[in-house]
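S.K.: Before I ask anything, here is the structure I am working with.
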Amino acid sequence: MSEGVEWALHTCLNLSWAEPGEAVSAARLAAFYRLPAAYLNKQMQALARAGIVSSTPGPRGGFRLARAPEDITLLDVVTAIEGPEEAFRCAGILREGPGGDPDVDYREVCVISQSMRKAELSWRRELAGQTLADIRATVERRHPHTPGNTRNRFANVKI
């Protein structure tokens, strides 16, 4: 998984603490963690295409969450950044091995392929079962000053 997933998750979480209706520029979002603005902007555009954030153009523009944190799952963010493809891609190499049969769909009969697909489905179910609101609630419980500190940092970060 690319570092873009981590960046996107943290950025969405931070956007959940922005003032209501406030758009935060990609430069300000990137400066928050000293990330490369151009690369973070690519992640933000992917999130916008997925309907997770909305983008407002112009000098006072930027990004804001397009949906309530309760309606954004971790899987939504991962899929927006990484794409919907499976992490494990069975190439059917058994077809070329001893006793291989070109007419068999080894993706369906290969024990390794089945095990990897089962693990991926569990992983995706877990991500789909957690929302940005769940993460936010845990952070706020453990670190109650985070929302205010985030808003202050957005207001004072040097770009």
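The values are calculated or read from the model by the stated rules, or taken from the named source; none is laboratory data. Source: prediction; values computed, not measured. All Cβ positions, glycine included, derive from the backbone under ideal geometry; neighbour counts span all protein chains shown. The accessibility values were calculated without ligands, DNA or RNA, using every heavy atom of the protein model including side chains. Shrake-Rupley method; radii C 1.70, N 1.55, O 1.52, S 1.80 Å.
S.K.: Scan the stretch 126-137 and report the pairs whose first residue is touching a residue at least 40 places away in the same chain (Cβ under 8 Å) and whose second residue is among the small types (Gly, Ala, Ser) and in a helix (DSSP H, G or I), with Cβ atoms within less than 8 Å and a gap of 6+ or a chain change.
M.R.: Qualifying pairs under 8 Å: Leu132/Ser16; Ala133/Ser16; Arg136/Ser16.
S.K.: Could you tell me whether the stretch 109-118 includes any residue that is hydrophobic (A, V, I, L, M, F, W, C), touching a residue at least 24 places away in the same chain (Cβ under 8 Å) and closer than 30 Å to Ala37 by Cβ?
M.R.: no
S.K.: Further question: Kindly list the number of the only condition in (1) open to solvent by 30 Å² or more (accessible area, probe 1.4 Å); (2) in a helix (DSSP H, G or I); (3) of a type outside the set (Val, Ile, Thr) that fails for Ser113.
M.R.: Every condition holds for Ser113 apart from (1).
S.K.: State the number of residues belonging to the stretch 1-22 that are without any contact (Cβ under 8 Å) to a residue 60 or more places away in the chain and buried (at least 19 other Cβ atoms within 10 Å of the Cβ).
M.R.: Looking only at that region, the number is 3.
S.K.: Taking the residues in the stretch 121-151 that are under 19 Å from the mean Cα position of the chain (by Cα) and under 21 Å from Tyr33 (Cβ atoms) as candidates, determine which candidate is surrounded by the fewest Cβ atoms within 10 Å (Cβ to Cβ).
M.R.: Looking at the filtered set, the residue picked out is Thr138.
S.K.: Also, I was wondering about something else. Criterion first (closer than 14 Å to Leu13 by Cα and not polar (S, T, N, Q)) does Val109 satisfy it?
M.R.: It is false that Val109 is closer than 14 Å to Leu13 by Cα and not polar (S, T, N, Q).
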